[in-house]
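> Starting off with a structure, shown below.
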Amino acid sequence: ENSSVKELTALIAAEEESVKSASIFTVASHNRKLKVLKTEYDETVSKKFLSNKDHILIIDDFLAKGSPLRGLLSICIQAGAKVDGIGIAIEKVYQNGGNELRDEGYRVESLVKILEIDEKTNKIKFGD
């Protein structure tokens, strides 16, 4: 059993579709109730919902360059919360956002990794 999962106190979902994924994780997370915080593109979270006692898992559907995630990370840092991980449905590896976050020490896990898309043939090369 992963000890960081035991410590999670909140999930932050970047968009409406990500809220569905976050809700599924919440149900599967040892039947504990976690705060599921949804943000929109303005990315604001009230201080009453996020504090320095929180351990966060950020969930998003796509990761390309990572700009929306950087906004969410900034909110967590400002609140003093610890980001234990970032869960991504589809990562566009060729745009380097995930690798930059990993290089900064964040744990980033992606269900699907797209290494490249050939615009001429519309073929997609997937990675591990």
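> Is there a residue in region 78-90 that is farther than 21 Å from residue 8 by Cβ and out of contact with any Pro (no Cβ under 8 Å at 6 or more places or on another chain)?
Our first condition is that a residue be farther than 21 Å from residue 8 by Cβ; within region 78-90, this holds for 90.
If we keep only those that are out of contact with any Pro (no Cβ under 8 Å at 6 or more places or on another chain) too, we end up with 90.
Yes - at least one qualifying residue is present in region 78-90.
> In addition: Name, by its number, the condition in (1) touching an Asp or Glu at 6+ places or on another chain (Cβ under 9 Å); (2) more than 21 Å from residue 113 (Cα to Cα) that does not hold for residue 83.
Looking at each condition in turn, residue 83 falls short on (1).
> Name every residue in region 84-111 that is more than 18 Å from residue 72 (Cβ to Cβ) and modelled with pLDDT under 95, in order of residue number.
Passing the criteria: only 111.
> If I filter region 68-90 down to residues being in contact with a helix residue (DSSP H, G or I) (Cβ under 9 Å, 6 or more places away or on another chain), in a helix (DSSP H, G or I) and touching a residue at least 24 places away in the same chain (Cβ under 8 Å), which single residue comes out as surrounded by the fewest Cβ atoms within 10 Å (Cβ to Cβ)?
Restricting to residues being in contact with a helix residue (DSSP H, G or I) (Cβ under 9 Å, 6 or more places away or on another chain), in a helix (DSSP H, G or I) and touching a residue at least 24 places away in the same chain (Cβ under 8 Å), the top hit is 79.
> A further question on this structure: Please name all residue pairs, on different chains or six or more residues apart, with Cβ atoms under 8 Å, provided the first residue is in region 48-60 and is free of Cβ contacts under 8 Å to residues at least 60 places away in the same chain and surrounded by fewer than 22 Cβ atoms within 10 Å (Cβ to Cβ) and the second residue is assigned to a strand (DSSP E or B) and of a type in the set (Gly, Ala, Ser).
Short answer, once both residue conditions are applied: 49/10; 50/10; 55/10.
The values are calculated or read from the model by the stated rules, or taken from the named source; none is laboratory data. Given the structure is predicted, the values throughout are model-derived calculations rather than measurements. So basically every Cβ, Gly included, is an ideal-geometry build from the backbone, and we count neighbours across all protein chains shown.
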